[in-house]
Amino acid sequence: MDFGIVLQTDPPASEVVRLMKAAEDNGFSYGWTFDSCVLWQEPFVIYSRILAETSALTVGPMVTSPATRDYSVMASTFATLNDMYGNRTVCGIGRGDSAHRVVGRAPSTLATVRECMHLVKELAEGREVLLNDTPVRIPWVRDGRLEMWMAGYGPKALKMVGEQADGFILQCADPAIAKWTIGSVRDAARAAGRDPEGITICVAAPGYVGEDLAHQREQLRWFGGMVGNHVADLVARYGDSSSVPRELTDYIAGREGYDYAHHGKAGNPSTEFVPDEIVDRFCLIGSAGAHVARLEELAELGVDQFALYLMHDEREDTLAAYGSQVVPKLTA
């Protein structure tokens, strides 16, 4: 299993770079960031510094969206970083949540996500596409490579991942949900004539290593609220009787509102509806041994990478514990 770290690009950017370097030193091979440039600093500027100050770390957004950048700009940005640092970027992409909603836009349609994934990948890898009915190719790209990893929860999104994406991002570490979503992605890939094992599976969730479970739950309750934003969209679209697992949908019954000013932060007051059980299922808490046990369970389901969100009050200790007690167990 590979390991990634997920950070918000809060200022100062030098601190983001420092933590990414520390993650690589602790055996992490991917460095991800949120991409919501009103709430946090612009990540693609910071990626250049991260790439310059690490030796092999692959960086990318978890996740960007089709509506925040022109496709040609997005492709050229990835291609430039790859040309400078040797194909060390990956594009995590979804329909858009905070980056859209804080500027008054709805999430993109799946059709738009599909178009964006195709056009950005083709352009970033040096191939010609039709963009606004105009043939376009980035002429300076040489041997470029850009994998597109798509995030999603619902049946139609999972089908699209299986049909088109290079990787699947599941923002939830619940084994029951992982089993259903991974199975759906692989079934769709098989039906599309693709190799289902060729799609990289990434589970992303917060982790907190320690013994005070009550404190850890309070620090990580924000994640259930963030996931709940996407689940609320699913319930609105499919209703309560869809194939989406009840483990993913039932807990949002008490959700009344969400303030993006506290998005992804410990102590988010919009997440009081999230019960302890959901924190325990969606996140990794407890001793390093408990983390290893959950990750081994996820690996058995086909998970190739665990991306660790570090938004809590002991991120340095958790990162060090992963480096010494968790990563070695899963990468041996």
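The values are calculated or read from the model by the stated rules, or taken from the named source; none is laboratory data. Keep in mind the model is a prediction, meaning the values are calculated, not measured. For neighbour counting, all protein chains shown are included, and Cβ atoms are generated from backbone atoms with ideal geometry for every residue, glycine included. Side chains included, ligands, DNA and RNA excluded: accessible areas come from the protein's heavy atoms. Shrake-Rupley method; radii C 1.70, N 1.55, O 1.52, S 1.80 Å.
What the table shows:
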{"item": "Filtered residues of the stretch 89-113 (kept if farther than 15 Å from residue 74 by Cα and either touching a Leu at 6+ places or on another chain (Cβ under 7 Å) or open to solvent by 30 Å² or more (accessible area, probe 1.4 Å) (or both))", "result": "95, 98, 101, 102, 103, 104, 105, 106, 109, 110, 111"}
{"item": "Residues of the stretch 114-129 that turn out to be over 18 Å from the mean Cα position of the chain (by Cα) and either over 18 Å from residue 79 (Cβ atoms) or of a type in the set (Asp, Glu) (or both), as a count", "result": "4"}
{"item": "Checking residue 332 against (1) open to solvent by 20 Å² or more (accessible area, probe 1.4 Å); (2) of a type outside the set (D, E, K, R); (3) within 17 Å of residue 279 (Cβ to Cβ), the condition it does not meet", "result": "(3)"}
{"item": "Any hit, the stretch 108-118, residues being out of contact with any strand residue (DSSP E or B) (no Cβ under 6 Å at 6 or more places or on another chain), at positive phi and not hydrophobic (A, V, I, L, M, F, W, C)", "result": "no"}
{"item": "Any helices (runs of 4 or more DSSP H) falling wholly within the stretch 1-98 and containing at least 3 residues that are farther than 30 Å from residue 110 by Cβ and aromatic (Phe, Trp, Tyr)", "result": "none"}
{"item": "Complete set of residues in the stretch 188-240 that are basic (Lys, Arg), at pLDDT 80 or above and open to solvent by 30 Å² or more (accessible area, probe 1.4 Å)", "result": "190, 194, 217"}
{"item": "Of residues in the stretch 178-212 being more than 19 Å from the chain's Cα centre (by Cα) and small (Gly, Ala, Ser), the one farthest from residue 248 (Cα to Cα)", "result": "193"}
{"item": "Residue check for residue 323: farther than 27 Å from residue 231 by Cα, more than 21 Å from the chain's Cα centre (by Cα) and either open to solvent by 50 Å² or more (accessible area, probe 1.4 Å) or small (Gly, Ala, Ser) (or both)", "result": "no"}
{"item": "Any hit, the stretch 16-25, residues being open to solvent by 10 Å² or more (accessible area, probe 1.4 Å), of a type in the set (Lys, Arg) and more than 29 Å from residue 159 (Cα to Cα)", "result": "yes"}
{"item": "The stretch 159-170 residues that are of a type in the set (Asp, Glu), paired with ones that are open to solvent by 10 Å² or more (accessible area, probe 1.4 Å) and not in a helix (DSSP H, G or I) (beta carbon under 6 Å, 6 or more apart)", "result": "163/192; 166/147"}
{"item": "Of all residues making up the stretch 114-142, the number that are in contact with a Lys or Arg (Cβ under 8 Å, 6 or more places away or on another chain) and surrounded by fewer than 15 Cβ atoms within 10 Å (Cβ to Cβ)", "result": "3"}
{"item": "The lone exception for residue 145 - which of (1) open to solvent by less than 50 Å² (accessible area, probe 1.4 Å); (2) of a type in the set (Lys, Arg); (3) in a loop (DSSP other than H, G, I, E, B); (4) under 30 Å from residue 183 (Cβ atoms) it fails", "result": "(1)"}
{"item": "The lone exception for residue 106 - which of (1) in a helix (DSSP H, G or I); (2) modelled with pLDDT under 95 it fails", "result": "(1)"}
{"item": "Test set (1) touching a Ser or Thr at 6+ places or on another chain (Cβ under 7 Å); (2) within 24 Å of residue 18 (Cβ to Cβ) - residue 108 fails condition number", "result": "(2)"}
